[in-house]
1. Amide H neighbours of ILE87 under 5 Å, at least 5 residues apart or on other chains, H built in the peptide plane: list them.
2. Would you mind ranking THR29, THR158 by Cβ crowding within 10 Å, fewest neighbours first?
3. Apply the Karplus parameterisation 6.51 cos²θ - 1.76 cosθ + 1.60, with θ equal to phi minus 60°, to every residue of region 84-97 and state each ³J(HN,Hα) to the nearest whole Hz, in sequence, with x for glycine and proline.
4. In region 28-97, which trypsin sites (Lys or Arg not before Pro) are in a loop and have at most 15 other Cβ atoms within 10 Å, using DSSP for the loop call?
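FYI, it's all coordinate maths here, none of it is from the lab. The model shown is predicted, which means the values in this text are computed figures rather than measured ones. Methodologically, a virtual Cβ is constructed for each residue, glycine included, from the backbone with ideal geometry; neighbour enumeration extends over all protein chains shown.
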Amino acid sequence: MGLFARLFKIGQSEAHAAIDKLEDPIKLTEQGIKDLKADLSRSLEALAEVKAMAIRANNDMNRYKDQAADYEQKAILLIRKAEKGEIDPAEADRLAGEALVKKSESEGQYISSKKDKEQFDKSVSQIEAKTKELRRTISNYENELKTLKARDKVNKATINLNKQLAQVDSSSTVGMLERMKEKVAQEEALAESYGSIANESKSVDDEIEAALRKGSSSQSDALAALKAKLSQDNK
């Protein structure tokens, strides 16, 4: 194989390894969960900010509403004071007019704040819906990850077991057992051989002594029988 062919094979194997790594479902799921949690964090931050703006718009709306009512009340008081002769009517009209202008401005700001609040409330609803959807998606992915990990563990255990079984050579195992039987039989024969050799190695003196012991035992038995007979005759 040429140099370029070997380089191509090496590059091809590395590419396959990289693809296998990229396509690992567990790693992909973990990365997906990580990305979704980052999106969820950003959504929660945006939700908090928009809610804060909605609260501020609501506070402004109430404040401008109170201001409009307050300016109207002041204009009424100025007119009544002029009617009672407590202040100059022309001055009262001028100040009452200014109060009504302020009232109009406050009412305009109230309407603007109300529109802002409605828009913020709409945004809050949209972000909350997105946040709930993200939570559901993350929960589904986490459940899927648990299933994938369990399946992966079972698959790896099965693969390892199959590898071990595939590596078992039945013929060699049978051959090993046969050799073991042959070895045991040979050792048994050797033990028997040593036993016979031990018997053959007895000296003549040992045989004589053994015979004498056997004979003396017979004589003792005969003598005992004779004594027993004599004792019976005397009776």
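1. Those lying under 5 Å, H to H, from ILE87 are ALA82.
2. With the sparsest Cβ surroundings first, the list reads THR158, THR29.
3. Rounded to whole hertz, the list is 7, x, 7, 9, 5, x, 5, 5, 5, 5, 4, 5, 5, x.
4. LYS84
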